[in-house]
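Participant: One structure, pasted below without further comment.
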Amino acid sequence: MTTTTDPAPVPDLAALQRRAAARAAERAGGTDRLRGHIVCEGLVRIFKTEGVEVFALQGLELSVDRGELLAIVGASGSGKSTLLNILSGLDTPTAGVARVAGQDLLGMSARDRLNYRRRVVGFVWQQTGRNLLPYLTALENVELPMRLAGRRRGRLARDRARELLDLVGVGYCADRRPAQLSGGEQQRCAVAVAVANDPEVLFADEPTGELDESTAAEVFGALRTINAELGVTVVVVTHDHAVADQVRRTVAIRDGRTASEVRRTARTASDGSTETVSEEYAVLDRSGRMQLPAAFVDALSLRDRVRLNLEPDHVEVRPGQEASGE
Ligand SMILES: Nc1ncnc2c1ncn2[C@@H]1O[C@H](COP(=O)(O)OP(=O)(O)OP(=O)(O)O)[C@@H](O)[C@H]1O
């Protein structure tokens, strides 16, 4: 439904669900796989502090399909937050390509960036206090971004806010302030706030980091619902294995690069039950560079250089020291 004052048609929940179905159909056709809803190519971010340069991202490659639910993992300092800050429009990369929903994040004007942050992407941060305003009720918190963007007002905003709180399972919290909610309830409200303006992509930085296991599962369930019901592409940075194990693809970042990824597929076992098969891949960039898993490097004490042999169906990597020892 649209009011005469609204500049653009505002979809209701049913329309968003239809849009999600259309996106799923488009995905099945494979066009998005080629384009990528989120694309990073050779992404570099250098921080300069007191004359010292820190390479937080060193040529990171990433492609995420429209409607995907992706987890990003990595040790502390590997560059996860730097990546998320860039993708959510809070920070600008030093070099490379970063494109989200067709928008080039390097060439954006300040005005485009504001619009991008209000309408194209939503975020949920680890610190619950960063997601919700303490003096507003849950319902008012969800309404606020709609009012700020001028997208929905009055009754329309209120009804939509209630729908979203219901969708993430915290409709009963509508009239409470954040201090009257548990950590998990606050984060589920934060998910509703983040999707209030129908973003294309939702970024969540450690959204379950401060929660116990069962509460974390509820918050992750809310992200999953948003992904499945509304077709929003969701990227979650997490240390939580329970979260990382539940998504189809987990990308691991090491030293500012995408090092490896785990893909999970469902398979029917011989007894008819469904089992999940996980396969780990190293990520190869456009120049043919890849990182060997740290465990492989340690197991064979690989260092400095390795020997490569091309075999008919694989590439062999052997310690380079053998040659000097001969
Ligand atoms: N504003 C900044 N100024 C200088 N260095 C920074 C800045 N932000 C990040 N870094 C450095 O960049 C690297 C990557 O940091 P980042 O916060 O992205 O890692 P992370 O994987 O998110 O870590 P954590 O899991 O601990 O949050 C680190 O070496 C960090 O010290």
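Participant: So how many residues does the stretch 48-89 have that are part of a loop (DSSP other than H, G, I, E, B), out of contact with any strand residue (DSSP E or B) (no Cβ under 6 Å at 6 or more places or on another chain) and near the ligand (Cβ under 10 Å from one of its atoms)?
Facilitator: The qualifying residues number 4.
Participant: Here is a list: Thr250, Thr265. Which entry is hydroxyl-bearing (Ser, Thr, Tyr), without any contact (Cβ under 8 Å) to a residue 40 or more places away in the chain and outside any loop (DSSP other than H, G, I, E, B)?
Facilitator: On the way: Thr250 fails: without any contact (Cβ under 8 Å) to a residue 40 or more places away in the chain.
So the residue among Thr250, Thr265 that is hydroxyl-bearing (Ser, Thr, Tyr), without any contact (Cβ under 8 Å) to a residue 40 or more places away in the chain and outside any loop (DSSP other than H, G, I, E, B) is Thr265.
Participant: Is there a residue being closer than 26 Å to Leu57 by Cβ and exposed (fewer than 11 other Cβ atoms within 10 Å of the Cβ) anywhere in the stretch 301-322?
Facilitator: Yes, the stretch 301-322 contains at least one residue that is closer than 26 Å to Leu57 by Cβ and exposed (fewer than 11 other Cβ atoms within 10 Å of the Cβ).
Participant: Among the residues of the stretch 201-213, which ones are more than 16 Å from the ligand (Cβ to nearest atom) and either of a type outside the set (D, E, K, R) or at pLDDT 90 or above (or both)?
Facilitator: Initial filter on the stretch 201-213 (more than 16 Å from the ligand (Cβ to nearest atom)): 201-202, 211-213.
Of everything in the stretch 201-213, those that are more than 16 Å from the ligand (Cβ to nearest atom) and either of a type outside the set (D, E, K, R) or at pLDDT 90 or above (or both) turn out to be Val201, Leu202, Leu211.
Participant: List the number of the failed condition for Val219; all other conditions in (1) in contact with a Pro (Cβ under 6 Å, 6 or more places away or on another chain); (2) touching a residue at least 40 places away in the same chain (Cβ under 8 Å); (3) among the β-branched types (Val, Ile, Thr) hold.
Facilitator: Condition not satisfied by Val219: (2).
Conditions tested, residue by residue: (1) more than 21 Å from the chain's Cα centre (by Cα); (2) exposed (fewer than 15 other Cβ atoms within 10 Å of the Cβ).
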{"site": "Gly96", "(1), (2)": "no, no"}
{"site": "Arg111", "(1), (2)": "yes, yes"}
{"site": "Arg117", "(1), (2)": "no, no"}
{"site": "Thr137", "(1), (2)": "yes, no"}
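Participant: Assess whether Tyr116 counts as being more than 20 Å from Val195 (Cα to Cα), away from the ligand (no atom under 16 Å from the Cβ), of a type outside the set (A, V, I, L, M) and touching a residue at least 12 places away in the same chain (Cβ under 8 Å).
Facilitator: Criteria not met by Tyr116.
Participant: Considering every residue within the stretch 33-41, establish whether at least one is within 10 Å of the ligand (Cβ to nearest atom), of a type in the set (A, V, I, L, M, F, W, C), modelled with pLDDT of 90 or more and within 25 Å of Gly209 (Cβ to Cβ).
Facilitator: No, the stretch 33-41 contains no residue that is within 10 Å of the ligand (Cβ to nearest atom), of a type in the set (A, V, I, L, M, F, W, C), modelled with pLDDT of 90 or more and within 25 Å of Gly209 (Cβ to Cβ).
Participant: Which members of the stretch 214-258 meet the condition of being within 14 Å of the ligand (Cβ to nearest atom) and of a type in the set (Lys, Arg)?
Facilitator: Of everything in the stretch 214-258, those that are within 14 Å of the ligand (Cβ to nearest atom) and of a type in the set (Lys, Arg) turn out to be Arg254, Arg257.
Participant: Scan the stretch 139-153 for residues that are acidic (Asp, Glu) and surrounded by fewer than 16 Cβ atoms within 10 Å (Cβ to Cβ) and report the count. Please lay out each step first, then the result.
Facilitator: Initially, the stretch 139-153 is screened for residues acidic (Asp, Glu), giving 140, 143.
Checking which are surrounded by fewer than 16 Cβ atoms within 10 Å (Cβ to Cβ) leaves us with none.
Within the stretch 139-153, residues that are acidic (Asp, Glu) and surrounded by fewer than 16 Cβ atoms within 10 Å (Cβ to Cβ) number 0.
Participant: Additional query: Quick check: anything in the stretch 236-248 modelled with pLDDT of 85 or more, outside the structural domain of Thr82 (by TED's automatic domain parsing) and of a type outside the set (A, V, I, L, M)?
Facilitator: So far as the stretch 236-248 goes, no, none of its residues is modelled with pLDDT of 85 or more, outside the structural domain of Thr82 (by TED's automatic domain parsing) and of a type outside the set (A, V, I, L, M).
Participant: Would you check if there is a residue in the stretch 10-19 being within 11 Å of the ligand (Cβ to nearest atom), at pLDDT 70 or above and not in a helix (DSSP H, G or I)?
Facilitator: Within the stretch 10-19, not a single residue is within 11 Å of the ligand (Cβ to nearest atom), at pLDDT 70 or above and not in a helix (DSSP H, G or I).
Participant: Then there's this: Report yes if Val277 is surrounded by 14 or more Cβ atoms within 10 Å (Cβ to Cβ) and among the aliphatic types (A, V, I, L, M), otherwise no.
Facilitator: Against the criterion (surrounded by 14 or more Cβ atoms within 10 Å (Cβ to Cβ) and among the aliphatic types (A, V, I, L, M)), Val277 does not qualify.
The values are calculated or read from the model by the stated rules, or taken from the named source; none is laboratory data. Worth saying up front: this structure is predicted, and the values here are computed from it rather than measured. Neighbour counts are summed over all protein chains in view; Cβ atoms, including those assigned to glycine, are modelled from backbone coordinates with ideal geometry.
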